[in-house]
Amino acid sequence: MPLLNKVRTAVSGGSGGDTATRSLSRLRSALTLFFALDGFLFAGWVVRIPAVKQQTGASAGDLGLALLGVSAGAVITMTLTGRLCRRYGAHAVTVVTAVLLSLSIALPALTRSPLALGLVLLVFGAAYGGINVAMNSAAVDLVAALRRPVMPGFHAAFSLGGMVGAGLGGLLAGSLSPTAHLLGLTVAGLALTAAAGPVLLRHPSPALPEALPAPSRPGDSGPRAAGARRTVLVFGVIALCTAYGEGALADWGALHLAQDLHAHPGVAAAGYSVFALTMTAGRLSGTALLERLGQTRTLVAGGATAAAGMLLGALAPSVWAALLGFAVTGLGLANIFPVAVARAGAVAGPGGVATASTLGYGGMLLGPPTIGLLADRFSLPAALTTVAVLAAGAAVLGHRARNAGASPRS
């Protein structure tokens, strides 16, 4: 396998290092583009949900049921994509699922009933779940080859893509129909896949065999395999704790500012934007932070920071203090999910990435309805403190799992 030989030479400082470095650099750029594309396409769909709801004549309840199609499709596919990555390679699966995601994003705008919308969203969710597992699996392999903790940079690209997609979608919403907008996203997605896909397809996974333990497969048995499964579950729960906070703030942050703190509608709407901006900033600086602190300290510090920030955001008596709390929460949560997925992948390969991603996605789904139920029973500020509790739990779990799947800088 010539690429692996070149990578080994490059790591050891021998001849051929420039060629291997260029190959890895191209792979990193192409994979970063796929992360950005994923966030861009998903955000572009989200901003057109109100228009699609209107054209399908869906009630709020009908729309809620239809949107479950995204969740169901994603969860089902995430559980299967790890096996596909082991069989066909994470690079090939990333490219195929990117094509499917680009094609399926146009379908919601072509529907005229809630039932049809739910069915096409099942397809869209399947592609979305598949590309998330595949590209994270490819990123885990590349991180191992580079021997640098660059996983947060990929997730920063996802966040930036989402911000661009949402901003562009908001600007186009008044002048373009949902059909024209989503078809435009299909063209853009296919074009970007055509540009970056060949780089992934030309090169196999660059992971060094000695860098990763043998993945734990479903049929494996024995203490080592059982320990690997437990470790993956721990990091999956850490990812869940992080995604719970993201989902909760996305759906309830603005309402808390408006309803409980009587913020102006524009200021209330900025609540999630502040959170998203600091999360993106945290991920952009995540590699430097991981190199300085290591993975365990980053998990513990991030969870503790997010817990403190969310307590301030939920319980502060003023709007600006709450916004500061949201900003601190974004910084704290920024790198927990990328580190958790990377550690799960280091322990169990694509199957570990699939398990951790599925649990993390489950947290994003669990957060909003849990906050709603608790808000009805107690109050919205009290309900939002559960984000702080889970962030603190992620810090504790991260410390307890400090020696699991450890890297030299864990």
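Looking only at region 38-79, which residues have a backbone nitrogen under 19 Å from a spot 7 Å from the Cα of Thr179 in the C-beta direction?
Residues passing the 19 Å test: 45, 48-58.
Stretch Leu190-Ser273 to full length: gain in nm at 0.36 nm per residue minus the Cα-Cα span?
That pair, Leu190 and Ser273, stretches by 27.1 nm at full extension.
Compute the angle between helix 17-46 and the longest alpha-carbon principal axis of the chain, please, reported from 0 to 90 degrees and rounded to the nearest 10.
Compared with the principal axis, the helix lies near 20 degrees.
Within the set of other residues whose C-beta is less than 13 Å from the C-beta of Gly165, count the net charge using Lys and Arg as +1 and Asp and Glu as -1.
Result for the local shell: 0.
Please report, as a whole percent, how much of the solvent-accessible surface of region 99-169 comes from carbon and sulfur atoms (probe radius 1.4 Å).
Ligands and nucleic acids excluded, carbon and sulfur give 78 percent.
Taking Cα pairs under 8 Å and at least six residues apart, what relative contact order does the chain come out at, in percent?
22
Computed on alpha carbon atoms, what radius of gyration and Dmax characterise the chain, expressed in Å?
Considering the chain through its Cα atoms, Rg and Dmax are 20.9, 66 Å.
Quick one: check the C-alpha center-to-center distance for region 353-369 versus region 378-397, whole angstrom.
Between the Cα centre of region 353-369 and that of region 378-397, the gap is 16 Å.
In Å², what does the accessible area per residue of the chain work out to with a 1.4 Å probe?
Solvent-accessible surface per residue comes out at 41 Å².
Calculated FRET efficiency, Leu171 and Gln54, Cβ-Cβ r, R0 25 Å, to nearest 0.05?
Once the sixth-power term is evaluated, E becomes 0.85.
If I fit a long axis through the Cα atoms of helix 319-333 and take the longest principal axis of the Cα atoms of the chain, what angle between them do I get, 0 to 90°, rounded to 10?
20
Using a probe of 1.4 angstrom, how much of the accessible area of region 311-410 is carbon and sulfur, in percent?
The value for region 311-410 is 70 percent carbon and sulfur by accessible area.
In nm, to one decimal, how far is the modelled label at Arg377 from the one at Leu255, with both set 7 Å along Cα→Cβ?
That separation, rounded to one decimal, is 1.6 nm.
Starting from the residue with the highest accessible area, list Asp376, Asp38, Asp251 in decreasing order, probe 1.4 Å.
Order by accessible area, largest first: Asp376, Asp251, Asp38.
The values are calculated or read from the model by the stated rules, or taken from the named source; none is laboratory data. The model shown is predicted, which means the values in this text are computed figures rather than measured ones. Every residue, glycine as well, gets a Cβ built from its backbone with ideal geometry; the counts of neighbours run over all protein chains shown. The accessibility values were calculated without ligands, DNA or RNA, using every heavy atom of the protein model including side chains. Shrake-Rupley method; radii C 1.70, N 1.55, O 1.52, S 1.80 Å.
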